[in-house]
Amino acid sequence: MKKIATIILTITAMLLCGSCRSGVNGEVYVYCYGDYYDPMVAEDFEAETGIRVIQDYYDTAEEMYTVLENNATTYDVICTSDYMIEKLAQNDMLAELNYDNIPEAKNIDEIYMEKSEAFDPGNKYSVPYQVGILGIDYNTKMVGDKKIDSWEDLWDEDFADQMVMPDSVRDAFAIGLKKNGSSLNSSNEEEIRKAAEDLIDQKSMVYRYANDAARDLLVDGSAAVGVVWNGEYQYIKDLNEDCEFVVPKEGSEFFIDSWFIPKEAINKEHAEAWINYLCRPEVAYKNFEYLYYTTPNKAAQEMIDKEYLEDKAIFPDEELVGRCESLKTLNNDTMDMYSKYWKKVKAE
């Protein structure tokens with residue numbers, strides 16, 4: 001309900017304040033996962049800076065990479081996942097940030113700046129934005145007395161045609177690999193083949209492969225169980241109190257999504273102004289209230305209610321994070337292998 005109200009306010013603001021979108025000081029082209037910041041943030045940024053925000057959205061990091069590779073000058077600032085930033089850096093597609101233009105980056109917790117160095121040494125190209133963990137959201141009434149605590153539960157025939165799986169090669173294989181005790185960054189063809197076979201066996205039970213839409217299928221009861229990121233948990237819970245979230249005991253996927261500037265960006269200083277604005281404590285807090293993902297903004301955390309800070313589904317503790325892995329950039333031969341087996345999964 002909070003998001004609906006926000007969208008109504010956004011539309012009202014646009015109607016009443018057309019001059020805010022005039023771009024009197026230029027434009028910034030933003031490319032991001034869908035619905036990944038409070039819509040009012042762009043409106044407020046435009047009103048304050050006079051820079052018009054032109055927004056476009058994508059569904060998966062792989063889709064974003066292909067678009068950027070083919071249209072290098074289209075976007076000025078992009079948010080994507082850790083492993084993809086690593087790949088972009090390896091292919092010399094990133095612009096080095098001028099932190100003099102991003103003083104609010106000081107608010108990002110050093111823990112996450114250090115974690116980011118695993119894919120961006122020296123934090124030269126990116127600033128952390130959101131942190132999350134992949135898990136299972138389930139409807140307690142629909143699953144009955146069954147205990148949900150393992151990826152194996154997604155192969156339970158009792159959930160046939162009531163299950164939502166991610167429509168993403170790396171995320172889907174992460175589930176199959178972790179279920180079998182393998183790394184989600186495995187380059188072992190036997191492990192990848194076994195995960196593919198399991199995903200094929202599971203396919204007849206899957207109601208739908210979906211990413212952003214998964215949460216709505218859980219909210220309206222179309223699905224009993226679904227794979228979602230922990231940031232979706234509170235949104236689902238607010239609309240359906242019967243739903244709960246768990247990170248499976250085998251471990252899961254942990255991510256850091258960050259903002260970066262493409263090497264060929266035309267409006268680099270406007271892009272840095274956008275990143276700086278999102279690093280402000282009050283803006284990061286607004287985005288937390290909209291998304292409920294783990295914010296790496298330490299200053300914003302001081303504004304967040306204790307009930308959220310103590311909820312491990314929203315702010316996972318060190319032990320839980322310790323059971324998880326982050327995706328890594330894999331070489332072309334390994335990615336071709338994943339793509340080959342993913343095509344088999346989708347084709348069977």
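Out of Glu282, Glu272, which single residue is within 18 Å of Pro128 (Cα to Cα), part of a helix (DSSP H, G or I), open to solvent by 10 Å² or more (accessible area, probe 1.4 Å) and at pLDDT 95 or above? Give the derivation first.
Details: Glu272 fails: open to solvent by 10 Å² or more (accessible area, probe 1.4 Å).
Answer to the check: Glu282.
Confirm whether Glu117 is out of contact with any Lys or Arg (no Cβ under 9 Å at 6 or more places or on another chain) and of a type outside the set (Gly, Ala, Ser).
yes
How many residues does the stretch 173-193 contain that are out of contact with any helix residue (DSSP H, G or I) (no Cβ under 7 Å at 6 or more places or on another chain), of a type in the set (S, T, N, Q) and either under 15 Å from Trp151 (Cα atoms) or open to solvent by less than 60 Å² (accessible area, probe 1.4 Å) (or both)? Can you show your working first?
Filtering the stretch 173-193 down to residues out of contact with any helix residue (DSSP H, G or I) (no Cβ under 7 Å at 6 or more places or on another chain) leaves 174, 181, 185, 188, 190.
From what is left, the residues that are of a type in the set (S, T, N, Q) are 185, 188.
Next cut, either under 15 Å from Trp151 (Cα atoms) or open to solvent by less than 60 Å² (accessible area, probe 1.4 Å) (or both) only: 185.
Adding up the residues that qualify gives 1.
Looking only at the stretch 130-147, how many residues end up being farther than 11 Å from Cys243 by Cβ and either open to solvent by less than 10 Å² (accessible area, probe 1.4 Å) or touching a Leu at 6+ places or on another chain (Cβ under 8 Å) (or both)?
6
Does the stretch 324-348 hold any residues that are part of a loop (DSSP other than H, G, I, E, B) and open to solvent by less than 80 Å² (accessible area, probe 1.4 Å), and which are they?
Cys324, Ser326, Leu327, Thr329, Leu330
So which pairs qualify, if the first residue must be in the stretch 237-250 and over 28 Å from Glu325 (Cα atoms), the second must be open to solvent by 40 Å² or more (accessible area, probe 1.4 Å) and polar (S, T, N, Q), the Cβ gap must be under 9 Å, and the two must be at least 6 apart or on different chains?
Asp242/Thr140
Is it the case that Asp161 is open to solvent by 40 Å² or more (accessible area, probe 1.4 Å) and on the phi > 0 side of the Ramachandran plot?
Numbers: open to solvent by 40 Å² or more (accessible area, probe 1.4 Å): yes; on the phi > 0 side of the Ramachandran plot: yes.
Spelling it out, Asp161 is indeed open to solvent by 40 Å² or more (accessible area, probe 1.4 Å) and on the phi > 0 side of the Ramachandran plot.
Kindly check whether there is at least one residue in the stretch 194-211 that is closer than 25 Å to Glu289 by Cα and either basic (Lys, Arg) or in contact with a helix residue (DSSP H, G or I) (Cβ under 6 Å, 6 or more places away or on another chain) (or both). Steps first, answer last, please.
In the first step, residues of the stretch 194-211 are kept if they are closer than 25 Å to Glu289 by Cα; the result is 210-211.
Narrowing further to those that are either basic (Lys, Arg) or in contact with a helix residue (DSSP H, G or I) (Cβ under 6 Å, 6 or more places away or on another chain) (or both): none.
No: the stretch 194-211 contains no residue that is closer than 25 Å to Glu289 by Cα and either basic (Lys, Arg) or in contact with a helix residue (DSSP H, G or I) (Cβ under 6 Å, 6 or more places away or on another chain) (or both).
Across the stretch 59-78, which residue is farthest from the chain's Cα centre (by Cα) among those that are open to solvent by less than 10 Å² (accessible area, probe 1.4 Å) and over 16 Å from Asn267 (Cα atoms)? Give the steps one after another, and end with the answer.
Residues of the stretch 59-78 open to solvent by less than 10 Å² (accessible area, probe 1.4 Å): 61, 64, 68, 76-78.
Checking which are over 16 Å from Asn267 (Cα atoms) leaves us with 61, 64.
Working: Ala61: 9, Met64: 13 Å.
Among those residues, the one meeting the criterion is Met64.
Matching residues to (1) within 30 Å of Lys147 (Cα to Cα); (2) of a type in the set (S, T, N, Q):
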residue: Asn230; (1), (2): yes, yes
residue: Val247; (1), (2): yes, no
residue: Glu253; (1), (2): yes, no
residue: Ser258; (1), (2): no, yes
residue: Cys279; (1), (2): no, no
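May I ask you to list the residues in the stretch 211-257 that are surrounded by 17 or more Cβ atoms within 10 Å (Cβ to Cβ), aliphatic (A, V, I, L, M) and part of a loop (DSSP other than H, G, I, E, B)?
Correct list: Ala223, Ala224, Val247.
What's the number of the condition Tyr277 fails, among (1) open to solvent by less than 40 Å² (accessible area, probe 1.4 Å); (2) in a strand (DSSP E or B)?
With (1) open to solvent by less than 40 Å² (accessible area, probe 1.4 Å); (2) in a strand (DSSP E or B) applied to Tyr277, the lone miss is (2).
Residues to consider are Glu191, Glu232; find the one that is over 19 Å from Met142 (Cβ atoms) and acidic (Asp, Glu).
Step by step, each of Glu191, Glu232 is checked, and only Glu191 is over 19 Å from Met142 (Cβ atoms) and acidic (Asp, Glu).
So for the stretch 296-310 (the condition being within 24 Å of Glu110 (Cβ to Cβ), β-branched (Val, Ile, Thr) and buried (at least 21 other Cβ atoms within 10 Å of the Cβ)), does at least one residue qualify?
no
Residues checked against (1) at pLDDT below 95; (2) closer than 30 Å to Leu278 by Cα:
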{"residue": "Tyr209", "(1), (2)": "no, no"}
{"residue": "Gly221", "(1), (2)": "no, no"}
{"residue": "Val227", "(1), (2)": "no, yes"}
{"residue": "Gly231", "(1), (2)": "yes, yes"}
{"residue": "Leu239", "(1), (2)": "no, yes"}
{"residue": "Glu244", "(1), (2)": "no, yes"}
{"residue": "Glu250", "(1), (2)": "no, no"}
{"residue": "Phe254", "(1), (2)": "yes, yes"}
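Among Trp151, Trp155, which is in contact with a Gly (Cβ under 9 Å, 6 or more places away or on another chain) and at pLDDT 95 or above?
Step by step, each of Trp151, Trp155 is checked, and only Trp151 is in contact with a Gly (Cβ under 9 Å, 6 or more places away or on another chain) and at pLDDT 95 or above.
Scan the stretch 177-204 and report the pairs whose first residue is more than 22 Å from Glu157 (Cβ to Cβ) and whose second residue is open to solvent by 50 Å² or more (accessible area, probe 1.4 Å), with Cβ atoms within less than 6 Å and a gap of 6+ or a chain change.
Hits for this filter: Ser182/Glu191; Asn185/Lys328.
How many residues, within the stretch 86-124, are of a type in the set (Val, Ile, Thr) and open to solvent by 60 Å² or more (accessible area, probe 1.4 Å)?
Here the count works out to 1.
The values are calculated or read from the model by the stated rules, or taken from the named source; none is laboratory data. Small disclaimer: the values here were computed from a predicted structure and weren't measured. FYI the Cβ positions are ideal-geometry reconstructions off the backbone, even for glycines, and counts take in every protein chain you see. Surface accessibility is based on the protein's heavy atoms, side chains included, excluding ligands, DNA and RNA. Shrake-Rupley method; radii C 1.70, N 1.55, O 1.52, S 1.80 Å.
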